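The values are calculated or read from the model by the stated rules, or taken from the named source; none is laboratory data. The structure displayed is predicted, hence computed values, not measured ones. Ideal geometry is used to build each Cβ from the backbone, glycine not excepted, and the neighbour counts take in all protein chains shown.
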Amino acid sequence: MKRNPHLAKLNSHYLFPEIAKRKQVFLAKNPSAKLISLGIGDTTEPIPSSIIPALMQRAQQLGTKEGYSGYGPEQGEQLLREHIVQQLYPNWVEAEEVFISDGSKCDIGRLQILFGNQASVAVQNPTYPVYVDTSVIVGQTHSKELIHLTCHPENQFFPDLNQIPPVDILYFCSPNNPTGAAASYDQLTQLVNFAKQHRSILVYDAAYAWYIQEPHLPRSIYAIKGAREVAIELGSFSKMAGFTGVRLAWSIVPKELTFEDGHPLHQDWKRIHSTFFNGASNLAQAGGLAALQPAGIQAMHELKTFYMENAQLLKTTFQELGYSVYGGINAPYLWVKFPIENSWEAFEFLLEKAHIICTPGSGFGEAGEGFLRFSAFGHRTTIQEAVSRLHAIHPT
Ligand code: PLP
């Protein structure tokens, strides 16, 4: 059996395993070091208490003859889909256009099956690596010509769309992982217009939409006129409700969205969903439904506020230390320009001097070189300790 040749084309150092490896090497040399991780964007606070009874109740029901249920609807439970629409997309989408899943990452992978391996692709640079890696794995022949949309402070982390050739698929993540930038109405309108003009499909990753704090910013691509004709949106309970381990997300494919020949994407996505997936866990869906009740919404706002206070603490610290720091206002990530030009060297510097683990910006694409990403998803005591260690290595 020959190895799938496309797998050999992947960047061999997937970012997080490489960080884990360097951490192990460091710990082998410094076994007593108390490391602080502000690296991987995983949540740390407990799931809000108003959600837990629903998870337990569904688990208990599964242990009874009357309450047991097996496979659920492949597209997800109707009530959950309706609540997602009511709470997050009022008047913009229909429940029938929502597909419940086990995670946005899995959805990004399954989308490759929808697009096939002939589509040309544009991604932000720096970017969440999964769009590129899943494209390469399915053997996108155009992957060598993958178009990188450079996003840096000088262009307010938004590419000049006039410089881009027509593409089939345009991935856009806002609020952005890793830069923390959140796009404005005007910027998203430019994206929608670009997609309309070139008949591209926009995959809008809104995994961090819940973290948008500034009221003037759009929380969904469907807030933009015409987006239903060009955009798929991905949403997730992972960062919103602390469901990174529970696993629950959704995708939205509006019925107006069609391929070149007029065939609706919705139909094909439904087919792919039911061929590759047997429905999200019924326990997770019970939790998701509880999260979207008034008490759950309130608790998720509190969770967001907590993490965003962490972000503020880190942001202020970096500012006081004289660094240029971006993000941390509408996203739980800080994107810090480090005085050490090479991101991995900067990573090693912080590991050695402060025992802090962060994520090297270059791991998200070459436009991330010179930056470090810090996650605000920590316990308060961890963030406070990180703050004091940062001050300690930079005596003023
Ligand atoms: N999209 C972005 C931009 C992310 O940062 C992440 C997770 O870190 C995901 C999607 C994956 O989310 P999920 O946990 O729903 O698979």
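Condition first: out of contact with any Lys or Arg (no Cβ under 7 Å at 6 or more places or on another chain) and of a type in the set (V, I, T). Now tell me which residues in region 294-340 satisfy that.
I297, T305, T316, T317, I329, V336, I340
Which numbered condition in (1) among the small types (G, A, S); (2) in contact (Cβ under 8 Å) with a residue 24 or more places away in the chain; (3) in a loop (DSSP other than H, G, I, E, B); (4) surrounded by fewer than 19 Cβ atoms within 10 Å (Cβ to Cβ) is the only one that G262 fails?
Failed condition: (2).
Among (1) more than 23 Å from K239 (Cα to Cα); (2) touching a residue at least 12 places away in the same chain (Cβ under 8 Å), which single condition is A386 missing?
With respect to (1) more than 23 Å from K239 (Cα to Cα); (2) touching a residue at least 12 places away in the same chain (Cβ under 8 Å), A386 is out only on (1).
Taking region 1-29 on its own, how many of its residues are touching a residue at least 12 places away in the same chain (Cβ under 8 Å), more than 24 Å from N117 (Cα to Cα) and more than 16 Å from the ligand (Cβ to nearest atom)?
4
Out of all the residues in region 17-39, which are under 25 Å from the mean Cα position of the chain (by Cα) and surrounded by 15 or more Cβ atoms within 10 Å (Cβ to Cβ)?
Correct list: E18, I19, R22, K23, I36, S37, L38, G39.
State which residue pairs qualify: first residue free of Cβ contacts under 8 Å to residues at least 24 places away in the same chain and inside region 313-339, second residue of a type in the set (D, E, K, R) in any location, beta carbons under 6 Å apart, and separation of 6 or more residues or different chains.
The qualifying pairs are V325/K315.
Among the residues of region 120-133, is there at least one that is assigned to a loop (DSSP other than H, G, I, E, B), in contact (Cβ under 8 Å) with a residue 60 or more places away in the chain, within 23 Å of L257 (Cβ to Cβ) and among the β-branched types (V, I, T)?
Yes: region 120-133 contains one or more residues that are assigned to a loop (DSSP other than H, G, I, E, B), in contact (Cβ under 8 Å) with a residue 60 or more places away in the chain, within 23 Å of L257 (Cβ to Cβ) and among the β-branched types (V, I, T).
Out of region 239-270, which residues are away from the ligand (no atom under 16 Å from the Cβ) and either hydrophobic (A, V, I, L, M, F, W, C) or touching a helix residue (DSSP H, G or I) at 6+ places or on another chain (Cβ under 9 Å) (or both)?
Those that are away from the ligand (no atom under 16 Å from the Cβ) and either hydrophobic (A, V, I, L, M, F, W, C) or touching a helix residue (DSSP H, G or I) at 6+ places or on another chain (Cβ under 9 Å) (or both): V253, P254, K255, E256, L257, T258, F259, L265, H266, D268, W269.
Which of the following residues is away from the ligand (no atom under 16 Å from the Cβ), surrounded by 20 or more Cβ atoms within 10 Å (Cβ to Cβ) and hydroxyl-bearing (S, T, Y): Y68, Y89?
Every option except Y89 fails the conditions.
Just one of Q60, Q75 is more than 30 Å from I356 (Cβ to Cβ) and either within 16 Å of the ligand (Cβ to nearest atom) or not in a loop (DSSP other than H, G, I, E, B) (or both); which is it?
Among Q60, Q75, only Q60 is more than 30 Å from I356 (Cβ to Cβ) and either within 16 Å of the ligand (Cβ to nearest atom) or not in a loop (DSSP other than H, G, I, E, B) (or both).
I need a count of the residues in region 97-115 that are more than 14 Å from the ligand (Cβ to nearest atom) and in contact (Cβ under 8 Å) with a residue 40 or more places away in the chain.
Selection size over region 97-115: 5.
Any residue in region 48-64 that is over 17 Å from L80 (Cα atoms) sitting within a Cβ distance under 9 Å of a residue that is of a type in the set (D, E, K, R) and assigned to a helix (DSSP H, G or I)? List the pairs, counting only those 6 or more apart or interchain.
From residues that are over 17 Å from L80 (Cα atoms), the pairs are P48/E302.
What is the residue count in region 223-237 for residues that are in contact with a helix residue (DSSP H, G or I) (Cβ under 7 Å, 6 or more places away or on another chain) and either of a type in the set (V, I, T) or buried (at least 23 other Cβ atoms within 10 Å of the Cβ) (or both)?
9
Residues A299, A280, A286: which one is buried (at least 18 other Cβ atoms within 10 Å of the Cβ) and within 15 Å of the ligand (Cβ to nearest atom)?
Only one candidate qualifies: A280.
Tally time: how many residues in region 5-50 are at pLDDT below 90, in a loop (DSSP other than H, G, I, E, B) and over 23 Å from G242 (Cα atoms)?
Qualifying residue count, region 5-50: 6.
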